[in-house]
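The values are calculated or read from the model by the stated rules, or taken from the named source; none is laboratory data. What you are looking at is a predicted structure, and each value in this text was computed from that prediction instead of being measured. Methodologically, a virtual Cβ is constructed for each residue, glycine included, from the backbone with ideal geometry; neighbour enumeration extends over all protein chains shown.
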């Protein structure tokens, strides 16, 4: 089943709400293994997403998702901007025709391609990958997402800023995997609600 | 922090305004974007570079006839976003495509890569040449692999000349990739840079200390020592560079001594004189020399030494060609 325009919009608005609530926490996570700006960068991005997708003239999920992509691309900066931007952009290309597992998988593939990262490199991929698998088997729950966030803790970073710390990156959650986790918790809450 | 600024969050915008006023006959700013474009967009492949600000005159100072078509300015020490780079690409394209010259930092690579994809969606052909000339360390704070530093200006100048000669996008990409492999740089810092919005130096060196291999954003280098003479610093840097080259007696090389922001030209010339003596022992031929502040790190004291191994006289001619830019000189 495909998403409706309203579901797509509500999903992203809920994502925005959660990011803004957790802004400080995300920056604190980033402080440990990066440069400490993931929360403020993401908050700036989702605020722009909110502004862009409120527009009532958007009548297709793809239009909403593409607007969100452009907001993330132009407002987040750093590495997260192009990574979220690429994911949303590629999701927008199939969201009108395909169902959720395929849409999220398109996002996963875009992130892997852009960031040249694989599973267990301690990146966003370590959230998106397991979520795609869980969606395919219809086993995605909030508890699963929270466990998946925790599962990034023992990993050693191989990509991104944290990779520079090497062994020292072990023992911290990956901020990008956590912010992505909020995207999927928002998705569980808002998509398919009216079934 | 002692700086001649107003609001630390506005330094990039105010700098761009001043820069475009000073060089209004050569460049202009695209409205609503931090993109500086040459007034003289020729009928050739466009050449676009950029990155975080704080490295002036790189990159906007190299916009003009014979070098860059456009430069995209990010916040201090952070990459411009893809929509900004896309504007630079669109302004530089006249149907023959655009070559991006990107320094190897994760943020820059991702943002320029995304911009490339957005441009391709608008049917503009784009290729990228990635510069990773800093041999000091592998993998650092903002980089997977080696960092891109002062050697980038050789890439701007040589590819700028080739683009003006009418080389195609594909040819420029191949020439650029080959060129980058023959450019190596290593730096030394005496003091750290202070990012205006941070307000304090990025790292601390004692009054009598220097650090070899520091990056242009203050990334850690490979060795801290008590302050040395210019002669000893030249010996260390040349020694380090010579490990990355096999200096050939009949080979032709170019040398760039680049000030990092707070080191006087006097010291840069003193240092060049010592580099010349060190290199003389390798019997190599120095066919090109350049000295000055070209890829700075705000107010960092120190300098970098770049050596390029020329593939032939065409590259030397390309470096010597006249250009009309604010800062090549």
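Each row is one residue, and each column tells you yes or no for (1) under 20 Å from residue B:41 (Cα atoms); (2) within 14 Å of another protein chain (Cβ to nearest Cβ).
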site	(1), (2)
B:72	yes, yes
B:76	no, yes
B:82	no, yes
B:85	yes, yes
B:99	yes, no
B:112	no, yes
B:117	no, yes
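Could you grab me the full set of residues in region B:163-216 that are closer than 26 Å to residue B:48 by Cβ and free of Cβ contacts under 8 Å to residues at least 60 places away in the same chain?
B:165, B:170, B:171, B:174, B:175, B:177, B:180, B:181
Would you confirm whether any residue within region B:299-308 is free of Cβ contacts under 8 Å to residues at least 60 places away in the same chain and in a loop (DSSP other than H, G, I, E, B)?
If we filter region B:299-308 for residues that are free of Cβ contacts under 8 Å to residues at least 60 places away in the same chain, which is where we start, we get none.
Checked against the condition, which is being free of Cβ contacts under 8 Å to residues at least 60 places away in the same chain and in a loop (DSSP other than H, G, I, E, B), region B:299-308 yields no hits at all.
Checking residue A:133 against (1) part of a helix (DSSP H, G or I); (2) touching a helix residue (DSSP H, G or I) at 6+ places or on another chain (Cβ under 8 Å); (3) more than 14 Å from chain B (Cβ to nearest Cβ), which single condition isn't satisfied?
(2)
In region B:119-168, what count of residues is obtained for those that are surrounded by 21 or more Cβ atoms within 10 Å (Cβ to Cβ), within 14 Å of another protein chain (Cβ to nearest Cβ) and assigned to a helix (DSSP H, G or I)?
1
Which condition number in (1) more than 14 Å from chain B (Cβ to nearest Cβ); (2) in contact with a helix residue (DSSP H, G or I) (Cβ under 7 Å, 6 or more places away or on another chain); (3) not in a helix (DSSP H, G or I) is the one that residue A:35 fails?
Of the numbered conditions (1) more than 14 Å from chain B (Cβ to nearest Cβ); (2) in contact with a helix residue (DSSP H, G or I) (Cβ under 7 Å, 6 or more places away or on another chain); (3) not in a helix (DSSP H, G or I), the odd one out for residue A:35 is (1).
Of the residues in region B:214-228, how many are part of a loop (DSSP other than H, G, I, E, B) and out of contact with any helix residue (DSSP H, G or I) (no Cβ under 8 Å at 6 or more places or on another chain)?
Within region B:214-228, residues that are part of a loop (DSSP other than H, G, I, E, B) and out of contact with any helix residue (DSSP H, G or I) (no Cβ under 8 Å at 6 or more places or on another chain) number 10.
For residue A:30, all conditions in the list (1) modelled with pLDDT under 95; (2) part of a helix (DSSP H, G or I); (3) within 14 Å of chain B (Cβ to nearest Cβ); (4) more than 27 Å from residue A:134 (Cβ to Cβ) hold save one; what is the number of the exception?
Here residue A:30 meets the rest and fails (4).
Consider residue B:201 carefully, then state whether it is touching a helix residue (DSSP H, G or I) at 6+ places or on another chain (Cβ under 6 Å) and over 18 Å from residue B:319 (Cα atoms).
Spelling it out, it is not the case that residue B:201 is touching a helix residue (DSSP H, G or I) at 6+ places or on another chain (Cβ under 6 Å) and over 18 Å from residue B:319 (Cα atoms).
I'm trying to understand the selection: among the residues of region A:102-113, which are over 14 Å from the mean Cα position of the chain (by Cα) and within 12 Å of chain B (Cβ to nearest Cβ)?
Matches in region A:102-113: A:113 only.
Here's the yes/no breakdown for (1) at pLDDT below 95; (2) more than 21 Å from the chain's Cα centre (by Cα); (3) assigned by TED's automatic domain parsing to the domain that holds residue B:39:
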{"position": "B:227", "(1), (2), (3)": "no, yes, no"}
{"position": "B:240", "(1), (2), (3)": "no, no, no"}
{"position": "B:248", "(1), (2), (3)": "yes, yes, no"}
{"position": "B:269", "(1), (2), (3)": "no, no, no"}
{"position": "B:291", "(1), (2), (3)": "no, no, no"}
{"position": "B:325", "(1), (2), (3)": "no, no, no"}
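Right, residue A:143: out of contact with any helix residue (DSSP H, G or I) (no Cβ under 8 Å at 6 or more places or on another chain), more than 11 Å from chain B (Cβ to nearest Cβ) and either under 24 Å from residue A:172 (Cα atoms) or part of a helix (DSSP H, G or I) (or both) or not?
Considered against the rule, which asks whether it is out of contact with any helix residue (DSSP H, G or I) (no Cβ under 8 Å at 6 or more places or on another chain), more than 11 Å from chain B (Cβ to nearest Cβ) and either under 24 Å from residue A:172 (Cα atoms) or part of a helix (DSSP H, G or I) (or both), residue A:143 comes out as yes.
I'd like the residue in region A:70-101 that is surrounded by fewer than 24 Cβ atoms within 10 Å (Cβ to Cβ) and part of a helix (DSSP H, G or I) and, out of all such residues, is nearest to the other protein chains (Cβ to nearest Cβ).
So the residue we want is A:74.
Say we look at region B:74-83 and pick out the residues that are crowded, with 22+ Cβ neighbours inside 10 Å and touching a strand residue (DSSP E or B) at 6+ places or on another chain (Cβ under 9 Å); which of these is farthest from residue A:86 (Cα to Cα)?
B:77
Being farther than 21 Å from residue B:11 by Cβ, out of contact with any helix residue (DSSP H, G or I) (no Cβ under 6 Å at 6 or more places or on another chain) and surrounded by 24 or more Cβ atoms within 10 Å (Cβ to Cβ) is the filter here, so list the residues in region B:34-63 that pass it.
Matches in region B:34-63: B:38 only.
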